[in-house]
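These notes are about the structure you will find just below.
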Amino acid sequence: MCRCWNRCFEPIGLLTVGLLALAALIVPIPLVAQEDDEKFESIPLPVLSMTASRTTIGVGETATLVVLGFEGGVTTDLTDPSTGTTYQSSNFAVVQVSAEGVVTAMGFGRATVTAFYFGAVTSVAFVVPNPDDLDFDEMPNGYETSHGLDPHDDRDALLDPDGDGVPTIHEFRVGTDPRNPDTDGDGLSDGKE
């Protein structure tokens with residue numbers, strides 16, 4: 001049988017195939033062919049940490065990121081793109097991030113900015129509050145207040161205060177009253193209609 005596991009395979013029977021499959025699960029096999037005398041050193045990746053000057057920002061406002069790498073008791077500032085660090089926003093409509101790590105709020109919502117340093121990754125979550133929907137539950141503050149809900153608690157969107165089987169967020173969307181199980185008074189609950 002050939003000894004160059006990463007370059008070829010000489011099938012010797014079903015038992016050999018099964019043993020090779022088992023070995024592949026236990027021993028990492030390189031995906032790239034190498035010469036027998038080549039040696040590989042693993043390159044350790046630093047542990048990354050990212051902070052932001054603030055994580056709740058208004059539309060048009062900015063926040064500054066700082067990315068630090070920790071390796072072997074040494075802390076290195078990796079914020080600058082010249083170090084190889086890159087950034088990505090999970091939602092460009094909410095926040096955008098420059099190559100230098102400056103985050104700009106573009107619209108209301110929540111988004112995460114992720115920093116990549118070769119194979120290491122870290123992220124920070126941002127909130128851009130909508131003054132008309134402080135808890136991001138898609139119901140305006142005025143609607144929540146007038147219906148006895150909390151405009152600072154997004155969990156009330158899933159509640160069913162009138163017990164008709166319809167969550168508050170759905171009652172808002174279809175125009176029924178979340179405190180009245182039969183908004184139109186026809187004898188059928190809002191959940192049955």
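Entry remark, region 134-158: residues being farther than 19 Å from Gly58 by Cα, open to solvent by 70 Å² or more (accessible area, probe 1.4 Å) and among the aliphatic types (A, V, I, L, M) number 1 in total. Here Tyr117 clears all of (1) open to solvent by 30 Å² or more (accessible area, probe 1.4 Å); (2) without any contact (Cβ under 8 Å) to a residue 60 or more places away in the chain; (3) within 20 Å of the chain's Cα centre (by Cα) except the condition numbered (2). For region 46-63, a residue qualifies if it is more than 15 Å from Thr122 (Cα to Cα) and in a strand (DSSP E or B), and the qualifying residues are Thr56, Thr62, Ala63.
Do we have any residue at all in region 160-168 that's in contact with a helix residue (DSSP H, G or I) (Cβ under 8 Å, 6 or more places away or on another chain) and assigned to a helix (DSSP H, G or I)? Yes, there is a match, as at least one residue in region 160-168 is in contact with a helix residue (DSSP H, G or I) (Cβ under 8 Å, 6 or more places away or on another chain) and assigned to a helix (DSSP H, G or I). For beta carbons closer than 6 Å, sequence separation of 6+ or different chains, a first residue in region 135-150 that is more than 17 Å from Asn180 (Cβ to Cβ) and a second that is assigned to a helix (DSSP H, G or I), the qualifying pairs are Asp135/Asp154; Phe136/Asp154; Asp137/Asp154; Asp137/Ala157; Asp150/Asp156. Only a single item in (1) surrounded by 13 or more Cβ atoms within 10 Å (Cβ to Cβ); (2) out of contact with any helix residue (DSSP H, G or I) (no Cβ under 8 Å at 6 or more places or on another chain); (3) part of a loop (DSSP other than H, G, I, E, B); (4) modelled with pLDDT of 90 or more is not met by Pro178, and it is number (2).
The values are calculated or read from the model by the stated rules, or taken from the named source; none is laboratory data. Keep in mind the model is a prediction, meaning the values are calculated, not measured. Note that each Cβ is placed from the backbone with ideal geometry, even for glycine, and that neighbours are counted across all protein chains shown. Heavy atoms of the whole protein, side chains included, go into the accessibility calculation; ligands, DNA and RNA do not. Shrake-Rupley method; radii C 1.70, N 1.55, O 1.52, S 1.80 Å.
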